[in-house]
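S.K.: Got a structure for you, questions after.
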Amino acid sequence: MKVPMRWLADFVDTALPPSELARRLTMAGLEAEKIEEIGAGWNNVFVGHVDRVERHPDADRLVLADVQAGEHRLTVVTGAPNIAAGQTVALALTGARLIDGYSDTLQYKTLKPGVIRGVRSEGMVCSEKELGLSGEHEGILVLEPEAPVGAPLAEWLGDTVIEFEITPNLVHAFSILGIAREAAAVTAAPLRLPPTFDLGTAPAGEDALVQVEAPDLCPRYAGVVIKGIRVGPSPAWLARRLAAAGLRSINNVVDVTNYVMLEWGQPLHAFDKDQLHEGRIVVRRAGVGETIETLDHQVRTLNPDVLVIADADHAVAVAGVMGGVDSEVSEKTTTVLLEAATFDMRSVRRTARDLKLRTDASARFERGLDPELVGPAAARATRLLLDLNPGSRVTAVRDVYPEPVHPRSITMSFGLIERVLGIGFEPSVVLDVLTRLGFDPALAADDDQDWFTVQVPTYRQDVTIPEDVVEEVARIVGYEALPETLPAGRTPPVVRDPMFRLQSDLRDLLAGAGGVETVTYVTASEQHLLALGADDQGAVGLLHRAPLTALVRLRNPLQSDRSLLRPTIVPSLLEVAAENLKHQTAVRLFEIARVYLPQGRDELPREANVCALLLAGQRDAVGRFALPGDLDFFDLKGIVDVIARHTGIRPSFDVAAVPGLHPGRAATFAHAGKVVGLLGELRPDIAPDFGLADHRVAVAEIDLDALLEAAHAAATEIRVPRFLPVQQDFAVVVAEKTPAAAVEQALLTGAGALATDIVLFDVFRGAQIGENRKSLAYRVTFTAPDRALTDADLGKARGRIEKVLAQKVSGTLRA
């Protein structure tokens, strides 16, 4: 937001240079982005008076103007159509550096004397464009008659403009007056308010003049009817102030509404009352398919979520965004209905986004305006319109404000200031600061401590808790006043977040295993979740499952077909895999992210940390480093085993029946009886739904919260055993349906403490062992820390193993 210093000086005299004021306000939380000097380059440009104008003797479109500016008197050749004797103008002398008015780009030129059609010209009367005030070049700039002739133009028109970056929570400072309040508080200078019209003295309008049918979207609406308006150009002072603040002049009525918006922060709109059917206003929701042609001459189709300002028949403005052409103020307008209102911030933001129409008004309404601002802004605009239109009068005022807002009261301990800031202030200092901010503080005391109560103005919606009051004290006193003290005592140790460490380790581990990390949207489509498979209860997902109807649905998704917060990452990986397999023979993908699991109606979802894996395509395209064939379940299980070893857990695998995964090629893995993850191959009849019809796809999801709970640091110390280990192979014949994990657990149980490692290295099926049976070959490593193992030790272990296998899995050892 641009703040001209001349305009700011109407409300507060800070006695500070602009650069120092910008620094002080920046330190107080209002960031000054840049400072612009209007007129800094106007050397040799003066306020001049046109004494005489006569035609050029040798050119029909040129005139000779005798202009004097103090001691400077010269004849200027010009083609300006609006020059006339008696005018006060901007006169540039030889050597002045001006903008080239005839160039489409910003180019400067130095004025030199010249002969134009036989007449020597040593100066130039300037247009607004040549001075850099605006893009206007149709005629010269005509100054007010009271401009001091002979004075440098910079003394009359020069200004300094500070541009501030106003954050969304500081809407109270989104105006010239708002910045003036802050400047007054920072510098302890008195604040002056501009003159306004007393609307209480005007005739009250009938109820039918303004009707609000959607009070939830329009808490307050005021309409002021002014007759006797004459629409025309604005006075020079008004147009210049708007230009300095970044707005162009349109006409005196529209300029007043823009002027008050910049001055007070309250957007206004002026309707031609004679163009309103039945001369009244209705604030309502738009009808289905209702259309309006806005002031930018675009016909827009509305929906019932849009709040409109209508007359008796149709919409005449989009509330808080832009007016319509049907009721636009024109040169024929004589009666205006001035609108000042407060609209729901969420409604305006949604409307501006849906219509792709963001304006200066919507930018303010979107931040949430104070309803109490409506009255003063309407009174200020009324005063300006009456001043600019002598003979005009207010004929009716209607203010619909069913639920007035009141100042907020905050009571707090005086000692809270020192506890939060680390420094105490005298009560007189604190009370002075809060008074300058308009907080109306009152100090009280009891036996134990001092208390004080502040009445927070309605325009300070950002101050809601005692700590906010403390912040206000700190920023106005000045953060530089806070003591610079080194921390005392021992520096606390740095503790890294365990989940962050686990995720970082997994990223390194999976990248080392050939994986490529993906980052996908946190939303999923209903179509893809259903394609992955729903169970009998309608639950979707993979490792984590939840009813489709219970998933969190976004009201404003980035992609309209992906409106659900995902309970699983796998569909996102499947889409990425399908795209990449169009260009390469295999993909190994992983993603570490959160999934969102519903916890109940009106409850925020549980955000579970998950690692998802996907393998698809050829294991090795040329067969150099791996067995030929497609990546499958066992490749994925190998990666899971690596993760398990890295985190120090010993997983137990169990067959799983999950919709979406191939029967017999899906398993859960658990630690200490708690499921940690799920892996398996995608069902062939589902793969085509994700564009993977020709590929075998293995997927997995690991619950990182459960993994972190189960994980323990893997041993980093490597000890060489004193006695050589002994390896023995065991071929165990079991039923086909017996899980390998159960056989492995039985072997370890029978071997006891002597078993230090076990590996499954072969699976055999054949007539030799019988139908529906399989032989699993394991290599078990035996190690004793205190002695060399003998045949007797191994024989005893083998006997125990045979006994446990028979009891646990009905297995036998092959000879």
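The values are calculated or read from the model by the stated rules, or taken from the named source; none is laboratory data. From a predicted model like this one, the values you see are computed outputs, not experimental measurements. Virtual Cβ from ideal backbone geometry, glycine too; neighbours counted across all protein chains shown. SASA here: full protein model, heavy atoms, side chains in, ligands and nucleic acids out. Shrake-Rupley method; radii C 1.70, N 1.55, O 1.52, S 1.80 Å.
S.K.: If the only charges are +1 at each Lys and Arg Cβ and -1 at each Asp and Glu Cβ, what is the size of the charge dipole of region 577-669 around the Cα centre, to the nearest 20 debye?
M.R.: So the dipole magnitude of region 577-669 works out to roughly 200 debye.
S.K.: Roughly how big is region 521-654's charge dipole about its Cα centre, with Cβ charges of +1 (Lys, Arg) and -1 (Asp, Glu), in debye to the nearest 20?
M.R.: 300 debye
S.K.: Where does each of 542-548, 255-261 land if you order them by average Cβ count within 10 Å, highest first?
M.R.: Taking the mean over residues of other Cβ atoms within 10 Å, the ranking is 255-261, 542-548.
S.K.: Can I ask one more? Net charge near Asp602, counting Lys/Arg +1 and Asp/Glu -1 over other residues with Cβ under 15 Å of its Cβ?
M.R.: That sum, taken over residues with Cβ under 15 Å, equals +3.
S.K.: Separation of region 249-304 and region 580-641 by C-alpha centroid, Å?
M.R.: Using only Cα atoms to place each centre, the spacing works out to 55 Å.
S.K.: What shape does region 678-749 have by the C-alpha gyration tensor, where a ≥ b ≥ c are the square roots of the eigenvalues, rounded means a/c under 1.5, and otherwise prolate means a/b greater than b/c and oblate the rest?
M.R.: oblate
S.K.: All other residues with a Cβ under 13 Å from the Cβ of Ser504 taken together, and with Lys, Arg as +1 and Asp, Glu as -1, what is their net charge?
M.R.: Value of the local net charge: -1.
S.K.: For region 45-96, what is the convex hull (Cα atoms) projected area averaged across all directions, in square nanometres?
M.R.: Average projection, Cα convex hull of region 45-96: 3.6 nm².
S.K.: Could you tell me which residue out of Leu416, Val76, Gln807 lies farthest along the dipole of the chain toward its positive end? Charges go on the beta carbon: Lys and Arg +1, Asp and Glu -1, centred on the Cα centre.
M.R.: Projecting each Cα onto the dipole axis, the largest value belongs to Gln807.
S.K.: Separate question: If you average the C-alpha positions of region 519-542 and of region 1-53 separately, how far apart do those two centres end up, in angstrom?
M.R.: Cα centroid to Cα centroid, the span is 60 Å.
S.K.: Using a 1.4 Å probe on the protein chains only, how many percent of the accessible area of the chain belongs to carbon and sulfur? Walk me through the numbers on the way to the answer.
M.R.: Working: 20460 of 40600 Å².
On the chain, the fraction of accessible area on carbon and sulfur atoms equals 50 percent.
S.K.: Shape of region 510-658 from its Cα gyration tensor (a ≥ b ≥ c, root eigenvalues): rounded if a/c is under 1.5, otherwise prolate when a/b > b/c, or oblate?
M.R.: The shape class here is prolate.
S.K.: Suppose accessible area is computed on protein heavy atoms with a 1.4 Å probe; arrange Trp237, Trp156, Trp264 from highest to lowest.
M.R.: The ordering from most to least exposed comes out as Trp237, Trp156, Trp264.
S.K.: Can you give the accessible area per residue of the chain, in Å², using a 1.4 Å probe?
M.R.: 50 Å²
S.K.: Hey, if you put +1 on the Cβ of every Lys and Arg and -1 on every Asp and Glu Cβ in region 204-304, which of Thr291, Gly232, Val210 ends up farthest toward the positive end of that dipole?
M.R.: Gly232
S.K.: Going down the table (Lys774/Lys808; Lys34/Lys129; Lys674/Lys774), which pairs top 25 Å between alpha carbons?
M.R.: Details: Lys774/Lys808 16 Å; Lys34/Lys129 22 Å; Lys674/Lys774 28 Å.
Beyond 25 Å between Cα atoms: Lys674/Lys774.
S.K.: Just to make sure I understand: if all protein chains stay in place, what is the order of Lys582, Lys227 by accessible area at 1.4 Å, largest first?
M.R.: Descending order: Lys582, Lys227.
S.K.: Which of the aspartates and glutamates could be linked to Lys227 by a straight reach, that is with a Cα gap under 12 Å, when you skip same-chain ones fewer than 8 residues away?
M.R.: Hits, sequence-local ones excluded: Asp272, Asp274.
S.K.: Can I ask one more? When the dipole is taken about the Cα centre of the chain, and only Lys, Arg (+1) and Asp, Glu (-1) are charged at their Cβ, what size is it in debye, to the nearest 20?
M.R.: For the chain, the charge dipole is close to 2800 debye.
S.K.: Let me ask something additional. For the chain, max minus min Cα coordinate along each principal axis, in Å, sorted largest first?
M.R.: Principal extents (largest minus smallest coordinate, Cα): 128, 79, 61 Å.
S.K.: Just by accessible area at a 1.4 angstrom probe, what is the order of Lys332, Lys637, Lys112 from largest to smallest?
M.R.: On the way: Lys332 180, Lys637 55, Lys112 155 Å².
These residues rank, largest area first, as Lys332, Lys112, Lys637.
S.K.: Using helices alone, I'd like the mean residue ellipticity at 222 nm for the chain: each DSSP H run of four-plus residues gives -39500 (n - 2.57), total over residue count, nearest 500.
M.R.: For the chain, the value works out to -7500 deg cm²/dmol.
S.K.: Same structure again: Find which of Gly770, Ala657, Ala740 sits farthest along the positive direction of the dipole of the chain, computed with +1 on the beta-carbon of Lys and Arg, -1 on that of Asp and Glu, about the Cα centre.
M.R.: Gly770
S.K.: Further, regarding this structure: Summing Lys, Arg as +1 and Asp, Glu as -1, what charge do residues with Cβ under 15 Å from the Cβ of Arg393 carry, Arg393 excluded? All intermediate terms of the calculation are to be shown ahead of the outcome.
M.R.: Values: positive: Lys227, Arg230, Lys273, Arg383; negative: Asp198, Asp387.
Cβ neighbours under 15 Å give a net charge of +2.
S.K.: Among the lysines, select those whose C-alpha is under 25 Å from the C-alpha of Lys356, and discard any that sit fewer than 8 residues away in the same chain.
M.R.: Reachable lysines: Lys2.
S.K.: Which value, in nm² and rounded to one decimal, describes the direction-averaged projected area of the C-alpha convex hull of region 398-542?
M.R.: The orientation-averaged projected area of the Cα hull of region 398-542 comes to 21.5 nm².
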